């Protein structure tokens, strides 16, 4: 991090004037700085594109050494929280969704027991999204759902292509909700959801009757959204989840 240059980019004072933490205090330097970032971003004292105070002044205000602060800033840069621009200073980054996706992917890879909770989260998220999609969905959303539905119908015997079509259909439901927070949450766990679609499609290989029923569910879901019927749409979606779960339980219970 460098000192301020002569440009007129506004420096946010909130990250310094209200802070006075001794370097020896717990928690560790990284944790105390990160928590401060979080609190001031939530409060609005810090905003994307704000430039932080120069390294020397910021270290003094935080009560930490400059080498320690420098390491913290490098870590925050890697996490996508700040951007260090040589000769200009350190700036708050705009949210980078890929960082959130990587974080969720790492957590779920380290905690495989969370997989069931992930599916429960997906159901809760999509049930809310589909109700909003019935009211907020526009012709472009309907076209996106129709295109994915067409691919689902034509890829019943192709686990890979079918899984991608299935994932795209459900992602289109969330997108049609027009709710940016739901969309962000869905995209944050998209990699894990895509994998679950592939695993399920592979496990259903050769079960033509079940695959046909699941395809028909997608048709009913699409019709309910297109006609703007949130009650029916959520009901059909829940039935779809139940059918998929029963099919999976039946397959896992088979000997051999």
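The values are calculated or read from the model by the stated rules, or taken from the named source; none is laboratory data. Predicted, not measured: the structure shown is a model, and the values here were computed from it. In this analysis, Cβ positions are derived from the backbone assuming ideal geometry, glycine residues included, and neighbour counts consider all displayed protein chains.
Scanning the range 200-212 for residues that are in a helix (DSSP H, G or I) and either free of Cβ contacts under 8 Å to residues at least 12 places away in the same chain or touching a strand residue (DSSP E or B) at 6+ places or on another chain (Cβ under 9 Å) (or both) yields a total of 1. Taking (1) modelled with pLDDT of 85 or more; (2) in contact with a strand residue (DSSP E or B) (Cβ under 6 Å, 6 or more places away or on another chain) in turn, residue 85 satisfies each apart from (2). Taking the conditions exactly as written (in contact with a strand residue (DSSP E or B) (Cβ under 7 Å, 6 or more places away or on another chain), at pLDDT 80 or above and surrounded by 11 or more Cβ atoms within 10 Å (Cβ to Cβ)), does residue 58 satisfy them or not? So residue 58 does not fit the description; no. Residues in the range 61-82 that are surrounded by fewer than 17 Cβ atoms within 10 Å (Cβ to Cβ) and in contact with a strand residue (DSSP E or B) (Cβ under 6 Å, 6 or more places away or on another chain): 77 only. If you go through the range 36-51 and keep only what is without any contact (Cβ under 8 Å) to a residue 24 or more places away in the chain and either in a loop (DSSP other than H, G, I, E, B) or under 22 Å from residue 87 (Cβ atoms) (or both), you end up with just 44. Does residue 95 count as closer than 21 Å to residue 180 by Cα and loosely packed, with under 14 Cβ neighbours inside 10 Å? Considered against the rule, which asks whether it is closer than 21 Å to residue 180 by Cα and loosely packed, with under 14 Cβ neighbours inside 10 Å, residue 95 comes out as yes. Apart from one condition, residue 64 fits all of (1) part of a helix (DSSP H, G or I); (2) touching a helix residue (DSSP H, G or I) at 6+ places or on another chain (Cβ under 6 Å); the exception is (1).
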